[in-house]
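The values are calculated or read from the model by the stated rules, or taken from the named source; none is laboratory data. Because the structure is predicted, anything quoted here is derived from the model rather than measured. Note: ideal-geometry Cβ built from the backbone for every residue, glycine included; neighbour counts use all protein chains shown. Heads up: the accessible areas ignore ligands, DNA and RNA and are worked out on the full protein's heavy atoms, side chains in. Shrake-Rupley method; radii C 1.70, N 1.55, O 1.52, S 1.80 Å.
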Amino acid sequence: MINEIISMNGYGSYVWSAFSFTLISFTTLYFVTKLQLLKEQKKFASKFGSLNKVKARAAISQNINKEILSSASNI
Amino acid sequence: MFKSFEPNKIFVITSRAPKYVLFLFIIVLSIGLTEALILSPEDYKQSHAVRIMYVHVPAAWISLGVFSSIAIFSVSSFLFKNKNFAIISKSLAPSGFIFNIIALVTGAIWGKPTWGTWWAWDARITSMLILALFYAMYLLAWRIYEDKENVIKITSIIAILGAINVPIIKFSVDWWNTLHQNTSVNVFSDTSIHISMLIPLGIMTAAFALFSLLIFLMKYNTEMIKVKNKGLDRL
């Protein structure tokens, strides 16, 4: 049964390489995109940390900034 | 008119959605892979090589759908001066490009056992290669041009020109004699593919669409945070 799934009547190398290429592409794109997102979140958190109290209050008044900070704190 | 497309409102959803989409994608992909690699029958002519269809066809469909969406959002961004549309179209491009590459590579792998060649300058394959070049130009334009107004204009032009190629890809098998067979799956008329193969094809298409959505959401969040990072500099 397992041998049959692997060899697929001699077409196994074609089928498995097509599926492997697809899954490797998915994994690579996912991690590259995730890394870019984490990098920007960290950059935002460090910039926010360096703001003085007045500027920090002005920044946090925007909901979107609150969301970014809460997602950055989950890293 | 486009109040529901305001970034502040959208970000609340897009920042929380990826974990749920990822979870759903893993479940649907697992079912799809089991159906495609084990449960679905082999073809009487192509034998097990037909299983490549379950990654090749959904990848081609999604890359075409994504490029059409990019063209619509790019034109809307240009016409209505809505920068959020430009961010949406920019965020769609990476997954569309990867699906285009997957369609070309898995097509070449499928071509060897069925047609006896890895590559042929057939109308459908060539037009898909042209689409990949448009994707590459679109992504490069966003990297090369710094000026926001300029980059929106240039990427819109690339998207419109590339969109002309989309119906050419779709109807290439009807307009020219190609190695590709005619359309087997039709929305408005009879589908010639058997239900035992149509089900795994549908599940794999759903899984690929979920992956495309996942990458779009992550990329959109990255772009929004980039905008907000610039906003902090201006405070």
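A few comments on the model shown:
- Over chain B, accessible surface divided per residue gives 50 Å², non-protein components excluded, 1.4 Å probe.
- Net charge, B:Ser91 excluded, C-beta distance under 9 Å - Lys, Arg +1, Asp, Glu -1: +1
- The stretch B:147-235: chymotrypsin sites (Phe, Trp or Tyr not before Pro) in DSSP coil with no more than 14 other Cβ atoms inside 10 Å: B:Trp176, B:Phe188
- With contributions of -39500 (n - 2.57) from each DSSP H run of at least four residues, the per-residue ellipticity at 222 nm computed over chain B stands at -26500 deg cm²/dmol.
- Computed E for A:Met1/B:Asn182 - FRET, C-beta separation, R0 45 angstrom, nearest 0.05: 0.80
- The stretch B:93-235, dipole about Cα centre (Lys/Arg Cβ +1, Asp/Glu Cβ -1), debye to the nearest 20: 400 debye
- Helix axis angle, A:12-49 relative to chain A longest principal axis, alpha carbon, degrees: 10 degrees
- The convex hull of the Cα atoms of the protein assembly as shown, projected and averaged over all directions, covers 18.1 nm².
- Taking trypsin sites (Lys or Arg not before Pro) as exposed when DSSP calls them loop and at most 15 other C-beta atoms lie within 10 angstrom, chain B has its longest site-free stretch at B:82-235.
- In a reduced charge model with +1 at each Lys and Arg Cβ and -1 at each Asp and Glu Cβ, the protein assembly as shown shows a dipole moment near 1940 debye about its Cα centre.
- Relative to the longest principal axis of the Cα atoms of chain B, the long axis of helix B:53-80 makes an angle of roughly 30 degrees.
- Convex hull volume of the C-alpha atoms in chain B, normalised per residue: 141 Å³.
- Within a straight-line Cα-Cα reach of under 18 Å, A:Lys34 can be paired with the following aspartates and glutamates, leaving aside sequence neighbours fewer than 8 residues apart in one chain: A:Glu67, B:Glu223.
- By the rule of a C-alpha distance below 19 Å, with chain neighbours fewer than 8 residues away ignored, the lysines paired with A:Lys47 are A:Lys39, A:Lys55, A:Lys66, B:Lys226, B:Lys228, B:Lys230.
- Selection among B:Ala103, B:Leu79, B:Ala163 by position relative to the dipole of the stretch B:68-219 gives B:Leu79 as farthest towards the positive end (Cβ unit charges, Cα centre).
- Share of alpha-carbon pairs per 5 Å distance bin for the stretch B:1-54, given as whole %: 4, 16, 15, 11, 10, 10, 9, 8, 8, 6, 3
- Hydrodynamic radius (Kirkwood) for the stretch B:45-84, which is based on Cα pairs only, to one decimal in Å: 12.4 Å
- The smallest convex shape that holds all Cα atoms of the stretch B:1-120, its convex hull, gives 125 Å³ per residue.
- Across all directions, the shadow cast by the convex hull of chain A built on its C-alpha atoms averages 7.2 square nanometres.
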